[in-house]
Amino acid sequence: MTEISILPAVQAFLAQTHQLYIDGAYTPAHSTGRLAVHNPATGQQISSVPDASADDVNRAVASAKQAFATGVWRDLAPCAREAILLRLATLVERDAEILAQLETLEQGKSITLSRILESGGACNWIRYVAGLSTKITGQSLDVSIPLPPGARYTAMTRKEPVGVVAGIVPWNFPLVIAVWKVLPALAAGCCVVAKPAETTPLTLLYLAHLATEAGVPDGVFNVVTGAGRTAGEALVRNPDIAKVSFTGSTPVGKHIATVCADRLAHVSLELGGKNPALVLADADPDQVVAGLALASFLNQGQVCAACSRIYVEAPLFDRIATGLQAVLSSMKIGPGLDETAQINPLASAAHQKKVQHYLQGAIDAGAEILWGQETPQGDGYYVRPAVVLNPDPSLRLVREEVFGPVITLTRVANAEEGLALANDCAFGLAASVWTSSLSQAMDLPPRMQAGTVWVNSHVMIDPNMPFGGFKDSGMGKDFGTNWLDAFTETKAICIRH
């Protein structure tokens, strides 16, 4: 095993006594508690961050509220906001390897994935959303107001930023999903308080400093670290938060929606997924195996849109099972800093235990399982990748989001049976259809209950393609040319003349 060398700048950042980021500077927390940050490959502590109190959170919100009230950001010319955000993308690109290494060290994922999808992906997403700063438009309206007789009116709409936005970031893609929360809010003219997950706070703290270096005014972009039950709860309950953008579990998302409903705050929720793939008998088996192996085991399956249930028409089932077995057997398991490892540790000890519990349930039920390579010995948070064949539909592993390197492969008689099983789920985030038939490629996706449906692909996203789920997978859409609508209010203006 050969691991890459950790950059001196990364070592120096890890060694810092990390603080909150409030009003354009690293700021000590009033709370004395700390949260340990561990390397998932070893289980060893590599850093720590403040466990912010409600008072700390309220200070950050007050900073953002003051910055919004002064207009120091929202009143900038749109092209000026765009230029600052584009500078941020350039700085992320400059420090891409630092961010990638921090991401792998705190989250566990492959350094290759961190470079491509995290630091590299963040640059692309920042540049896309920066361009939307200058594309905010209203409408001119013809109206037929009858009173008083003979009066003439001109009406129009304009988009205005909602105010202070809370962005709550999950632990699976801490950098790029932070960009998805923070950047559209900034592009729309809002101010932000972002909270990373307890286990993966480092890249967001680094990003906030880069934003200040790029020219984002003090108070516009704040970061609080801390536990969800204290810092997160205080953030969503703060009356000065106009919108919450949350990615995470469905139970927490429903709680946030309830809290926001009480004061009619805006909310966007990207929640869990139990995403199916429907493989028809006429599909290219090599394409299916390669595509679904990537879609299922990318980031150890810790991807909201990852494929977790595969339904295969009977004539192709054995070939797909054999192909997936070959892929599992070939995938090297190791730490994320080993560029040759394709399966890495899960993000935390708690999540490792949760995934192992789902697997044990399948084992206890007597399920047939195809296994990948054995996991390394030691204290890392590894789970052996597995494909569970034809499991009982009542198994928790089939019904609930596992979020790990464990998938199911089920034989179906025909496409209609597969479609029914695919839709028999509380979630509706993403799905895919695999076929060489143009007719089936056109017919099946509209019948699948999911916010995104791929054909002969799975899990691939793009800034220009809206993303969000049906059913228990959330509410609202991210990405696309209308992305900023969720961070603005529409005001109607009517002028009598």
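The values are calculated or read from the model by the stated rules, or taken from the named source; none is laboratory data. What you see is a predicted model; the values in this text were computed from it and never measured. Methodologically, a virtual Cβ is constructed for each residue, glycine included, from the backbone with ideal geometry; neighbour enumeration extends over all protein chains shown. Note: areas computed on protein heavy atoms with side chains; ligands, DNA, RNA excluded. Shrake-Rupley method; radii C 1.70, N 1.55, O 1.52, S 1.80 Å.
Show the residue pairs meeting these rules: Cβ distance below 7 Å; 6+ apart or different chains; first residue within region 252-264 and without any contact (Cβ under 8 Å) to a residue 12 or more places away in the chain; second residue open to solvent by less than 70 Å² (accessible area, probe 1.4 Å) and not in a loop (DSSP other than H, G, I, E, B).
none
Mind checking whether some residue in region 187-210 is under 20 Å from Leu117 (Cβ atoms) and basic (Lys, Arg)?
The answer is no; no qualifying residue exists.
Being open to solvent by 10 Å² or more (accessible area, probe 1.4 Å) and more than 21 Å from the chain's Cα centre (by Cα) is the filter here; which residues of region 284-312 pass it?
Asp284, Pro285, Asp286, Gln287, Val289, Ala290, Tyr311
Looking only at region 149-171, which residues are surrounded by fewer than 24 Cβ atoms within 10 Å (Cβ to Cβ) and touching a helix residue (DSSP H, G or I) at 6+ places or on another chain (Cβ under 7 Å)?
The answer is Pro161, Val162, Gly163, Pro170, Trp171.
Can you tell me which condition Pro385 does not meet? The list is (1) over 12 Å from Val406 (Cα atoms); (2) modelled with pLDDT of 95 or more; (3) in contact with a Gly (Cβ under 7 Å, 6 or more places away or on another chain), and all the others hold.
Pro385 satisfies every listed condition except (1).
Does region 180-189 include one or more residues that are in the same structural domain as Ala62 (by the TED database), closer than 22 Å to Pro50 by Cα and in contact with a helix residue (DSSP H, G or I) (Cβ under 8 Å, 6 or more places away or on another chain)?
yes
Cβ contacts < 7 Å: first residue at positive phi and assigned to a helix (DSSP H, G or I), restricted to region 289-309; second residue open to solvent by 10 Å² or more (accessible area, probe 1.4 Å) and of a type outside the set (S, T, N, Q), any location; separation 6+ or different chain. Result?
Asn299/Leu113; Gly301/Phe403
Mind checking which residues of region 131-161 are part of a strand (DSSP E or B) and either among the basic types (Lys, Arg) or under 16 Å from the mean Cα position of the chain (by Cα) (or both)? Don't jump to the end; show me each part of the working.
Of all residues in region 131-161, those part of a strand (DSSP E or B) come to 140-141, 153-161.
Result: Arg158, Lys159.
So which residues in region 390-449 are within 14 Å of Ala367 (Cβ to Cβ), without any contact (Cβ under 8 Å) to a residue 40 or more places away in the chain and part of a helix (DSSP H, G or I), if there are any at all?
Passing the criteria: Arg396, Leu397.
Residues that are open to solvent by less than 20 Å² (accessible area, probe 1.4 Å) and over 28 Å from Tyr381 (Cβ atoms): does region 31-49 have at least one?
Checked region 31-49: no residue is open to solvent by less than 20 Å² (accessible area, probe 1.4 Å) and over 28 Å from Tyr381 (Cβ atoms).
Which numbered condition trips up Leu359, out of (1) at pLDDT 95 or above; (2) open to solvent by 50 Å² or more (accessible area, probe 1.4 Å)?
Single failed check for Leu359: (2).
What do you reckon, is Ala41 farther than 25 Å from Ser133 by Cβ, in contact with a helix residue (DSSP H, G or I) (Cβ under 6 Å, 6 or more places away or on another chain), hydrophobic (A, V, I, L, M, F, W, C) and in a loop (DSSP other than H, G, I, E, B)? Can you show your working first?
On the way: farther than 25 Å from Ser133 by Cβ: yes; in contact with a helix residue (DSSP H, G or I) (Cβ under 6 Å, 6 or more places away or on another chain): no; hydrophobic (A, V, I, L, M, F, W, C): yes; in a loop (DSSP other than H, G, I, E, B): yes.
So Ala41 does not fit the description; no.
Filter region 1-30 down to the residues that are open to solvent by 50 Å² or more (accessible area, probe 1.4 Å) and more than 17 Å from Ile111 (Cβ to Cβ) and list them by number.
Ala12, Ala15, Gln16, Thr17, Gln19, Asp23, Tyr26, Pro28, His30
For (1) among the hydrophobic types (A, V, I, L, M, F, W, C); (2) assigned to a helix (DSSP H, G or I); (3) in the same structural domain as Ala64 (by the TED database); (4) farther than 17 Å from Val169 by Cα, each residue gets a yes or a no:
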position	(1), (2), (3), (4)
Ala208	yes, yes, yes, no
Thr212	no, yes, yes, yes
Asp218	no, no, yes, yes
Asn222	no, no, yes, no
Leu235	yes, yes, yes, no
Ala257	yes, yes, yes, no
Ala261	yes, yes, yes, yes
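Condition first: hydroxyl-bearing (Ser, Thr, Tyr) and either on the phi > 0 side of the Ramachandran plot or under 20 Å from the mean Cα position of the chain (by Cα) (or both). Can you find one or more residues in region 252-266 that meet it?
Filtering region 252-266 for residues hydroxyl-bearing (Ser, Thr, Tyr) gives 258.
Cutting the leftovers down to either on the phi > 0 side of the Ramachandran plot or under 20 Å from the mean Cα position of the chain (by Cα) (or both) gives us none.
There is no residue in region 252-266 that is hydroxyl-bearing (Ser, Thr, Tyr) and either on the phi > 0 side of the Ramachandran plot or under 20 Å from the mean Cα position of the chain (by Cα) (or both).
In the list Gly380, Gly418, Gly336, which residue meets the criterion of being in contact with a Lys or Arg (Cβ under 9 Å, 6 or more places away or on another chain), crowded, with 16+ Cβ neighbours inside 10 Å and at pLDDT 95 or above?
None of the other options fit; the residue is Gly336.
Within region 82-91, is even one residue surrounded by 17 or more Cβ atoms within 10 Å (Cβ to Cβ) and in a loop (DSSP other than H, G, I, E, B)?
No; the residues of region 82-91 include none that is surrounded by 17 or more Cβ atoms within 10 Å (Cβ to Cβ) and in a loop (DSSP other than H, G, I, E, B).
For (1) among the β-branched types (Val, Ile, Thr); (2) under 21 Å from Leu105 (Cβ atoms); (3) out of contact with any strand residue (DSSP E or B) (no Cβ under 8 Å at 6 or more places or on another chain), each residue gets a yes or a no:
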residue	(1), (2), (3)
Ser329	no, no, yes
Tyr358	no, no, no
Glu374	no, no, no
Val383	yes, yes, no
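Within region 267-282, how many residues are open to solvent by 10 Å² or more (accessible area, probe 1.4 Å) and assigned to a loop (DSSP other than H, G, I, E, B)?
Residues meeting the conditions: 2.
Only residues that are outside any helix (DSSP H, G or I) and either open to solvent by 10 Å² or more (accessible area, probe 1.4 Å) or farther than 13 Å from Pro40 by Cα (or both): list them for region 102-130, please. Steps first, please.
Within region 102-130, the subset outside any helix (DSSP H, G or I) is 108-110.
Selection gives Ser110 alone.
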